[in-house]
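Worksheet: the structure to be examined is printed underneath.
The values are calculated or read from the model by the stated rules, or taken from the named source; none is laboratory data. Remember, predicted model here, so these are calculated numbers, not experimental data. Don't worry about glycine lacking a Cβ; one is built from the backbone with ideal geometry, like all the others, and counts go over all protein chains shown.
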Amino acid sequence: MTILFDHIEDVRTLAQIIVETVREPLLVLDHDLKILVASSSFHKSFQIDAKDTPGQLLFALDAGAWDIPALHTLLERSLVDQTVVDGFPVEQNFPRIGKRVFLLHARKVLDTEVGQPLIVLGFEDITDRRATEREKELLKKQTDDLLQQKEMLLEEMQHRIINSLQIIASILMLKARAVTSPETREHLQDAHRRVMSVAAVQQHLHASGTADVIDIAPYLEKLCRSLGDSMIGENRAAAIQVTSDKGVMASADAVSLGLIVTELVINALKYAFPDAGQPGVVVVKYQANGTNWKLTVSDNGVGRTDAGGHSGKGGLGTSLVAALAHQLEAKVETTSGEHGMNITITHSTFIAKSAA
Amino acid sequence: MTNAQTSQTVLVVEDEVFIRMSTVATLEDAGYSVLEARNSADALQVLAGHDEISLIVTDVQMPGGMDGLGLVAQVQREHPVIRALVVSAHACAKEAFKAGAAAFLPKPFLAQSILRAVNDMAKAA
């Protein structure tokens, strides 16, 4: 439909049509802020009878619900200058429709016929949007609170695990001091080292703030430093060297890997260098390729001996390594010679990066 | 370690009896005179009666009104010459140093590690 506006009356008619058809509530106010025209949607939204609005002062409307000082100021300023009201928030309890939230938009127009300014006032009902926003904010706060609670519980749990492991390690150490049998003392000290190996994983989890994966390189370095501290005295020339690819491992698997390293390093330091003055070196090497990995623990000691326990007679250490390797779906290979011993734990179908 | 260092008196503050016992044993084996306390309140009482204490090893989380960090802060105010080593399963090294600790050792620790940390403090004392 095309309408041509040749006369001012046509323009007024158009304005009336717009006011009548617009979906958002709309008012046209005169310079005294009395209602000249109100849209049907205004009457509908505020449940006000159409005959009650013409000539009514805005601030007297709806039992004075619109009598808001800040709105007074804004509209009066709009009449005087070109102040544009855009998104002025009004949260009010209306007699018939209850509590609503609106954004008000106002523009001054000039009525050329009477030479007085008018104000077109639009109402944007954001009650539902605001309620949704508040609901989202509340949900976010509840989620944040739950996450914080979870972190606190995790922190407390890790603290308790570490403290419990320290207590167990302390008991084993006290027992080791109390027993008279050197063999029993050695067993207790080994048990103490195994506990500390498990504890090292917990410490790394705690320090990294995660609950499920471990950075292998720093973990192995710290574990071996701890083993060296507990087993290499000032009078021994032995050393432990660690080389490790970067990579992460599930914490449960890291516990098993750490226990394997612990067993093999303890074994090497105990049996590979019967001469305390011998400059022995134990090398712990971890290679990773994707999810597959290979751990090698080697030494430059005396190799497997018939008399010794250097993985030679299937002692507890050997059984533990076999069981832990099986758990990790890895295979154990041992080679021994006059230049030392080499034990490889290979997970799945490891292929070194350079050979891949 | 020199005799002068290991003749120093250490106060070990730890609520877990086995951890306290093993720490005391480790330090005594190294030649230190060691006193013990189960919590901060106990520790303050022991300190009040023993001017010879020059080093403190304290846990953080202990029962009672004051934790180990509070203890360190109070000791630093009242006995600034005493050096404190804080041990904890919580990663709270920053808080420990802020309270006035000379060193921090995360749990779990080896006997050798705590001895080394105490020796370092004794040397600096």
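Listed values, structure above:
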{"quantity": "Enumerated strands (runs of 3 or more DSSP E) restricted to the range A:53-125, each holding at least 1 residues that are in the same structural domain as A:Val19 (by TED's automatic domain parsing) and free of Cβ contacts under 8 Å to residues at least 24 places away in the same chain", "calculated": "A:85-94, A:98-111"}
{"quantity": "For A:Ser319: the one exception among (1) within 24 Å of A:Ala252 (Cα to Cα); (2) in a loop (DSSP other than H, G, I, E, B); (3) modelled with pLDDT of 85 or more", "calculated": "(2)"}
{"quantity": "Criterion violated by B:Leu47 - all others in (1) surrounded by 21 or more Cβ atoms within 10 Å (Cβ to Cβ); (2) in contact with a Leu (Cβ under 6 Å, 6 or more places away or on another chain) satisfied", "calculated": "(2)"}
{"quantity": "In the range B:86-123, residue nearest to the other protein chains (Cβ to nearest Cβ) [restricted to those that are in contact with a Lys or Arg (Cβ under 7 Å, 6 or more places away or on another chain) and over 23 Å from A:Gln158 (Cα atoms)]", "calculated": "B:Met121"}
{"quantity": "Residue list for the range A:23-48, restricted to those being in contact with a helix residue (DSSP H, G or I) (Cβ under 7 Å, 6 or more places away or on another chain) and in contact (Cβ under 8 Å) with a residue 60 or more places away in the chain", "calculated": "A:Glu24, A:Pro25, A:Leu26, A:Leu27, A:Val28, A:Leu29, A:His31, A:Leu33"}
{"quantity": "Within the range A:130-154, considering residues that are acidic (Asp, Glu) and over 23 Å from A:Val101 (Cα atoms), the one modelled with the lowest pLDDT", "calculated": "A:Glu151"}
{"quantity": "Extreme residue, farthest from A:Ser230 (Cα to Cα), among residues of the range A:256-277 that are in contact with a His (Cβ under 8 Å, 6 or more places away or on another chain) and part of a helix (DSSP H, G or I)", "calculated": "A:Tyr271"}
{"quantity": "Scan of the range B:91-121 for residues that are buried (at least 21 other Cβ atoms within 10 Å of the Cβ) and not hydrophobic (A, V, I, L, M, F, W, C), ordered by number", "calculated": "B:Lys107, B:Pro108"}
{"quantity": "Search result, residues across the range A:281-299 that are surrounded by fewer than 18 Cβ atoms within 10 Å (Cβ to Cβ), among the polar types (S, T, N, Q) and either more than 32 Å from the chain's Cα centre (by Cα) or outside the structural domain of A:Ile260 (by TED's automatic domain parsing) (or both)", "calculated": "A:Thr296"}
{"quantity": "Strands (runs of 3 or more DSSP E) wholly inside the range A:154-255 that include at least 3 residues being of a type in the set (S, T, N, Q), away from chain B (no Cβ under 14 Å) and over 25 Å from A:Val284 (Cβ atoms)", "calculated": "none"}
{"quantity": "Residue that is nearest to the chain's Cα centre (by Cα) [pool: residues in the range A:212-229 that are touching a residue at least 60 places away in the same chain (Cβ under 8 Å) and closer than 11 Å to A:Ala200 by Cα]", "calculated": "A:Leu220"}
{"quantity": "Selection within the range A:1-30 - at pLDDT 80 or above and crowded, with 16+ Cβ neighbours inside 10 Å", "calculated": "A:Pro25, A:Leu26, A:Leu27, A:Val28, A:Leu29, A:Asp30"}
{"quantity": "B:Val46 being among the β-branched types (Val, Ile, Thr) and within 14 Å of chain A (Cβ to nearest Cβ)", "calculated": "no"}
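Here is a yes/no grid of residues against (1) within 11 Å of the chain's Cα centre (by Cα); (2) among the charged types (D, E, K, R):
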{"residue": "B:Ala73", "(1), (2)": "no, no"}
{"residue": "B:Arg77", "(1), (2)": "no, yes"}
{"residue": "B:Ile82", "(1), (2)": "yes, no"}
{"residue": "B:His90", "(1), (2)": "no, no"}
{"residue": "B:Glu95", "(1), (2)": "no, yes"}
{"residue": "B:Pro108", "(1), (2)": "no, no"}
{"residue": "B:Lys123", "(1), (2)": "no, yes"}
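Listed here are the residues, each with its yes/no results for (1) buried (at least 16 other Cβ atoms within 10 Å of the Cβ); (2) under 20 Å from A:Glu124 (Cβ atoms); (3) of a type in the set (A, V, I, L, M).
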| site | (1), (2), (3) |
| --- | --- |
| A:Lys34 | yes, no, no |
| A:Trp66 | yes, yes, no |
| A:Ala70 | no, yes, yes |
| A:Leu74 | yes, yes, yes |
| A:Arg100 | yes, yes, no |
